[in-house]
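Read the structure below first, then the notes.
The values are calculated or read from the model by the stated rules, or taken from the named source; none is laboratory data. Given the structure is predicted, the values throughout are model-derived calculations rather than measurements. Note that we place each Cβ from the backbone using ideal geometry, even for glycine, and neighbour counts take in every protein chain shown.
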Amino acid sequence: MNEKGVTTITLKKINKSKVYHYIYKQRITAKLQIVRDLQMGLSTVSQNLNVLEQEGLIERKGFFDSTGGRKAQAIQIVADAKISIGAGILKNMFHIASVNLYGEAVNMETFNVPYSSDPGYYDQVTDKIEQFISENHYTKDRILGISIATQGIISTDGATVTYGAIMDNSDMKLTDFSSRLSYPCRLEHDSKAAAFLELWNHNEFDNAMVFLLNRNLGGAVITNHCVQKGMSMHSGAIEHMCIDPDGPLCYCGNRGCLETYCSVNALEAAAGMPVKEFFTLLREDNDGGMQQIWEGYLQYLAFAIRNLNLVIDGPIIISGYLAPYFTEEDLEYLLERINSSTPFKLERRHLIVGMQGQYTPAGGSALYYVEQFMESIS
Ligand SMILES: [Zn+2]
C-alpha cells in the first residue's frame, strides 16, 4: 500500500474514533452538534455515524425538542454493546458484577462458595460465571473479558498470587480460571481493582489514598492518575501498617497491624455481632455501647488517614463493604479526629465515600477491559 493509502485509512480511523469518543462524552447529542464541535464536514460525520451504527456501537433514539424546523435526532452510544465481567474472590464467597461501557454496574450476584485450592472450586466458580453470563443473555461477542480480583498480592506478570495469607491462596494461578473459560481473563489484587473503580468515578483526582474497608482491610495509592503497583506489587498495603507493636496478632504474623483495628472482621469482633446488626443497633437504638465501639473504630481510621495524608497529599477515598454505612455525621467525626492533630487540615470535600459496597473490587476489576476497549477505538 502506498503512503497516501495508509494516511487515508489512518485519517478515517481517527475521525471514527473522534466521533465515537465525542458521543461517549456527551452522552446524548445530535449530528449538527458533532459537526460544529468537531469541526468536521457533514458528510464525514454522516459516514462515521453510519459505520458506528452498523457496528452496533451507537444508536439514534428519539428527537430533541425543535426550536423551529426539523427535529434533530438524538444520538448516543449503545452502552451495553460490550460488557465486561468482574469477579471478586473472597474467603467464604465470591461476587460477580458486569459493567457496561460507561463502567456502570449492570448485574451483580453473590455466591456463598468458600475458597479451596481444589480443582472442584475453580470448576464451581467458572460454572457460576458461565451461568451468570447466560442468565443475563450476554452473547459471546459482547463480552470483552473476565477480570478476577482476589485477596492477595499478584506477581508482576499477572500469572499467579505471590502472597495470599488471608485465603491461603498463594498457589492460585490465572490459568486456574482461564483454562476453564473461553474469554480473555486476568488476575488482579482486589485493593487495586477497588481503587481503579474509585479513580474511574473521580476522574478529576491526580493523587488519592484509597481505604478499602472490607472484611479484611486493603488500601491503594493513586499518584499521577494511576493506581500504584510498586516494585513487588504491594504498594498501598496499609493493612499491615503497624499501629501498636504490642497490639493484636495479625494474620501476617505480626502484631498491631491496622488490619486488626480497621477491618470489618475487627469491627465485628469488637461488637460481637455481624456488621448489619451492629449498624441497626447503632443507628436505631442509639446504643451507647455500640456508639463507643464505632467511635473507637473511627479513631483508629482517623489515625491512619492523618498519617497517610502526609505521604500522599490528596483526597481520601473510603471504599468497600463498610463505605455505604458511613453517615455525614460519621464523616464529620472522622474529619474532626483527623484534623485534631495534624498541621495540614483535610477539607470535608476531600473526604470521599465510594458507593459500590462489597461489589467494588469486582466492578473495578471489570473496568480494565472497558478501558482497553475504549482505547481500541482510536
Ligand atoms: Zn499484618
Quiz item: When you look at Leu301, is it assigned to a loop (DSSP other than H, G, I, E, B) and of a type in the set (A, V, I, L, M, F, W, C), yes or no?
Solution: no
Quiz item: Does region 350-369 contain any residue that is assigned to a helix (DSSP H, G or I) and surrounded by fewer than 16 Cβ atoms within 10 Å (Cβ to Cβ)?
Solution: no
Quiz item: Could we say that Thr223 is more than 23 Å from Ala87 (Cβ to Cβ), modelled with pLDDT of 95 or more, of a type in the set (Val, Ile, Thr) and touching a helix residue (DSSP H, G or I) at 6+ places or on another chain (Cβ under 6 Å) here?
Solution: no
Practice problem: Just give me the residues in region 229-263 being of a type in the set (D, E, K, R) and buried (at least 16 other Cβ atoms within 10 Å of the Cβ), in sequence order. | Solution: Lys229, Glu239, Glu259
Practice problem: Would you confirm whether any residue within region 130-153 is in a loop (DSSP other than H, G, I, E, B), surrounded by fewer than 15 Cβ atoms within 10 Å (Cβ to Cβ) and touching a residue at least 60 places away in the same chain (Cβ under 8 Å)? | Solution: no
Practice problem: Search region 109-123 for residues that are touching a residue at least 60 places away in the same chain (Cβ under 8 Å) and pair each with any residue that is part of a strand (DSSP E or B) and surrounded by 15 or more Cβ atoms within 10 Å (Cβ to Cβ) when their beta-carbon atoms are under 7 Å apart and the residues are at least 6 apart or on different chains. | Solution: Thr110/His95
Quiz item: What is the residue count in region 235-263 for residues that are among the acidic types (Asp, Glu), more than 8 Å from the ligand (Cβ to nearest atom) and in contact with a Cys (Cβ under 6 Å, 6 or more places away or on another chain)?
Solution: 0
Quiz item: Using beta carbons and a limit of 6 Å, which pairs, at least six apart or on different chains, have the first residue in region 357-371 and within 14 Å of Cys185 (Cα to Cα) and the second one among the hydrophobic types (A, V, I, L, M, F, W, C) and part of a helix (DSSP H, G or I)?
Solution: Ser365/Ala193; Leu367/Phe196; Leu367/Trp200
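Matching residues to (1) part of a loop (DSSP other than H, G, I, E, B); (2) over 20 Å from Glu239 (Cβ atoms); (3) touching an Asp or Glu at 6+ places or on another chain (Cβ under 9 Å):
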| site | (1), (2), (3) |
| --- | --- |
| Gly289 | no, yes, no |
| Gln292 | no, yes, no |
| Gly296 | no, no, no |
| Ile305 | no, no, no |
| Asp313 | yes, yes, no |
| Ile317 | no, no, yes |
| Asp330 | no, yes, no |
Practice problem: Could you tell me which of the residues Ala270, Ala266 is within 12 Å of the ligand (Cβ to nearest atom) and either outside any loop (DSSP other than H, G, I, E, B) or surrounded by fewer than 16 Cβ atoms within 10 Å (Cβ to Cβ) (or both)? | Solution: Ala266
Quiz prompt | Filter result for Ser341 (in a loop (DSSP other than H, G, I, E, B), among the small types (Gly, Ala, Ser) and either in contact (Cβ under 8 Å) with a residue 24 or more places away in the chain or on the phi > 0 side of the Ramachandran plot (or both)) | solution = yes
